[in-house]
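Data first, discussion second: the structure below is written as structure tokens.
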Amino acid sequence: MADIATRAARVVAEPGGRRRPDDGGPRAGTVVAFLTPFFLPFVLFYLVPIAYAVWQSFLVVRRTGGQYGTSYTTFGGFEQYAQVFQNTEFWASIGRIGLFGIVQVPVMLFVALVMALLLDTPLLRLKGFFRVAAFMPYAVPGVIAAIMWSFLYSPQLSPVVDLLKGAGLQPDFLGPGAVLWSAANVSTWLWTGYNMLIMFSALQAIPEELYEAAKLDGASNWAIAWRIKVPIIAPSIILTTVFSIIGTLQLYAEPAVLRQISSNISSTFTPNMLAYAVASGNNYQQAAAISVVIAVITFVLSFGFMRLTSKKAGL
């Protein structure tokens, strides 16, 4: 060991000819070359727009000279944010999307977990087919999925509605009490397979020896699933929950498409739809403030949930 250390020190101290091993110049340049294609678009198309939106949220438009005067943009501090917090439509959309997330996210993740556990069991045949079939809805763009479900919800066109009416039922998927859950059904159909695949990938990483040891101890397949598999893949479940919280607060495509066939969805149905409606009225500063508030709420909820569950799970 002493000889190896002596030779290494001699190479490092060698003055000429050979490159010193501790010289990180070319290596650092290589790292920068590999990272630049990622960081340059990341800065230009992610960080810069965020910074610009934050800056816009602190601006206000003033008018001088009465109705026919001129307008100018100036720094207004937290004036835009004060208007956001006083906006009843904003809080109504937050409450609506909160109810959506409290119901839809647990249902979707529970279904995804059950599907992942079924795909991981040795008793199931044709696993490849069922895995592709479960993931396929995620490959459909959200707008196309919403249009497809709009056809199934429409009282005039839907074969499902006709079938239920033939059975003596009177479904109204687009009614005031059901339209929120109709949008939730579209989101669940779209994202269950995606979350299932994340959980299934985590299940595939569990060593088979754990299952064999549990079976030797007399554990049933049910006990193995809920007492071994689920606790081990808890980080994946937490990750999918965080993704779902973020996606819930970003909900836009499904209700925006359903709005074309339902009068029970307003232009301010979700926070993102409210921000778009405000921006469509050329009030970009107010729309930027709404977007920043949505981003902050999303960060607080997702980060808070991740910290809370990670501590409880001992992660």
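The values are calculated or read from the model by the stated rules, or taken from the named source; none is laboratory data. Bear in mind the structure is a predicted one, so any value in this text is a computation, not a measurement. So basically every Cβ, Gly included, is an ideal-geometry build from the backbone, and we count neighbours across all protein chains shown. Just the protein is used for accessible areas: all its heavy atoms, side chains included, with ligands, DNA and RNA removed. Shrake-Rupley method; radii C 1.70, N 1.55, O 1.52, S 1.80 Å.
Residue check, T309 against (1) closer than 30 Å to F173 by Cα; (2) among the hydroxyl-bearing types (S, T, Y); (3) surrounded by fewer than 17 Cβ atoms within 10 Å (Cβ to Cβ), all met but one. Which one?
(1)
So, in the stretch 125-144, exactly how many residues are within 17 Å of the chain's Cα centre (by Cα) and part of a helix (DSSP H, G or I)?
6
Just one of G177, G142 is at pLDDT below 90, open to solvent by less than 40 Å² (accessible area, probe 1.4 Å) and closer than 18 Å to A256 by Cα; which is it?
Only one candidate passes the filter, namely G142.
Does the stretch 108-124 hold any residues that are more than 25 Å from the chain's Cα centre (by Cα) and either exposed (fewer than 11 other Cβ atoms within 10 Å of the Cβ) or without any contact (Cβ under 8 Å) to a residue 24 or more places away in the chain (or both), and which are they?
Those that are more than 25 Å from the chain's Cα centre (by Cα) and either exposed (fewer than 11 other Cβ atoms within 10 Å of the Cβ) or without any contact (Cβ under 8 Å) to a residue 24 or more places away in the chain (or both): P122, L123, L124.
Answer yes or no: is there a residue in the stretch 107-124 that is in a helix (DSSP H, G or I), at pLDDT 85 or above, within 30 Å of S201 (Cβ to Cβ) and of a type in the set (G, A, S).
yes
Name the helices (runs of 4 or more DSSP H) wholly within the stretch 1-104 that hold at least 3 residues that are modelled with pLDDT of 80 or more and open to solvent by 70 Å² or more (accessible area, probe 1.4 Å)?
So the answer is 25-42, 48-57.
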